[in-house]
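One structure is given here, and the rest of the page talks about it.
The values are calculated or read from the model by the stated rules, or taken from the named source; none is laboratory data. The structure presented is a predicted model; accordingly, all values stated were derived computationally and were not measured. Here the Cβ positions follow ideal geometry from the backbone for every residue, glycine too, while neighbour counts run over all protein chains shown. Areas reflect the complete protein model, heavy atoms only, side chains present, ligands, DNA and RNA absent. Shrake-Rupley method; radii C 1.70, N 1.55, O 1.52, S 1.80 Å.
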Amino acid sequence: MNIATRLFAVAVMLALSPAQAQQLDKVTFATNWVAQAEHGGFYQAVADGTYRKYGLEVTILPGGPNVNHRLQLLAGRVDFYMSANSLQAFDAVERNIPTLAVAAIFQKDPQVLLAHPDQGIEKFEDLKKLTLFVSKEGMASYFQWMKRDFGFSENQVKPYTFNPQPFIADKRSAMQGYVTSEPYAVEREAKFKPKIFLLADQGFDSYSTLVETRRDIVEKNPAMVQRFIDASIIGWANYLYGDNKAANALIKRQNPEMTDELLAYSIAKMKEYGIVDSGDARTLGIGAMTDARMNSFFDKMVRAGVVKPSLAPGKSYTLQFVNKKVGLDLLPKQ
């Protein structure tokens, strides 16, 4: 091989080296429910190649009613898990489970109470006049805060079975739900728009849709964690404010029962209520967390008797990977 040929071969190798060197880290992210718009930013980052741009090959495992992916995280079968709220992070500390919350995608918990529109229920406290349909999980968490801070009574509660019919049939009742889905179901079935009371706007300041991982992953591969969080943040900004058609198509493939109408409704409600990009997320970036916010919610849960005062909330999360203003340029100016 002469010199010219060798130089050409070296040039070809150099040109190919970025593609060859792009050894994608395989990452598995498990959600806590079936594919839906509330998970859209993660699907966006898969569909539009953002994860690959950050050197990741991400597989999303949807959850469901009979799936516990959090156990899969602990067993080392998945790398990241979507937890519902800050209480799950506190619970991990209480039970000495080696996980950490590394980002909070939802600045507001989407939990709501719905009431009929024609019953004189104008403010949150008015709900004390009604029968409330609340789930077992709700009774153990946010309802304890409602009792402590607003004076609600367990005597007014009936079990919520995730069926809106008892609420629809009883005008003097209110029903729990998520702002992104249950109001839509009521509108379709009962042909009226329910009154919506978002608990986050009443002071229930839990984060929601947190990304959890194991402590050993944070210690051994922080660069991979950072890339996953950064790419997910960009995915969320693009899902809400960019072209999300490919992400929605992927969601519908994984969840054939999903409809375009519900996807559009959920996205609109996330924007309207600032579920993802309100508060600290407007200045620090999507996924933001702060010590002050975590401590505020912890104090509320201690007062409500949900969390033990001896628990150290700072052990439940890390700010190492958030608050870096990633993707702020993709959000609309306020």
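What the table below lists for this structure:
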quantity	calculated
Restricting region 29-57 to residues that are within 13 Å of Ser232 (Cβ to Cβ) and in a loop (DSSP other than H, G, I, E, B), the residue that is nearest to the chain's Cα centre (by Cα)	Thr31
Top-ranked residue in region 31-61 [being surrounded by fewer than 19 Cβ atoms within 10 Å (Cβ to Cβ) and touching a residue at least 40 places away in the same chain (Cβ under 8 Å); ranked as farthest from Asn248 (Cα to Cα)]	Gly55
Residue within region 175-188 that is over 23 Å from Glu257 (Cβ atoms) and surrounded by fewer than 17 Cβ atoms within 10 Å (Cβ to Cβ) present	no
Selection within region 305-329 - surrounded by 18 or more Cβ atoms within 10 Å (Cβ to Cβ) and at negative phi	Val306, Val307, Pro313, Ser316, Tyr317, Thr318, Phe321, Val322, Val326
Strands (runs of 3 or more DSSP E) contained entirely in region 153-212, each with at least 3 residues that are over 24 Å from Trp236 (Cβ atoms)	157-159, 173-178
Residues within region 213-232 that are in a helix (DSSP H, G or I) and either among the β-branched types (Val, Ile, Thr) or open to solvent by 30 Å² or more (accessible area, probe 1.4 Å) (or both), tallied	12
Test: residue in region 261-272 that is open to solvent by 20 Å² or more (accessible area, probe 1.4 Å) and either closer than 30 Å to Gly76 by Cβ or assigned to a loop (DSSP other than H, G, I, E, B) (or both)	no
Selected residue [closer than 25 Å to Ala92 by Cα and either free of Cβ contacts under 8 Å to residues at least 12 places away in the same chain or not in a strand (DSSP E or B) (or both)] from Met258, Met289	Met289
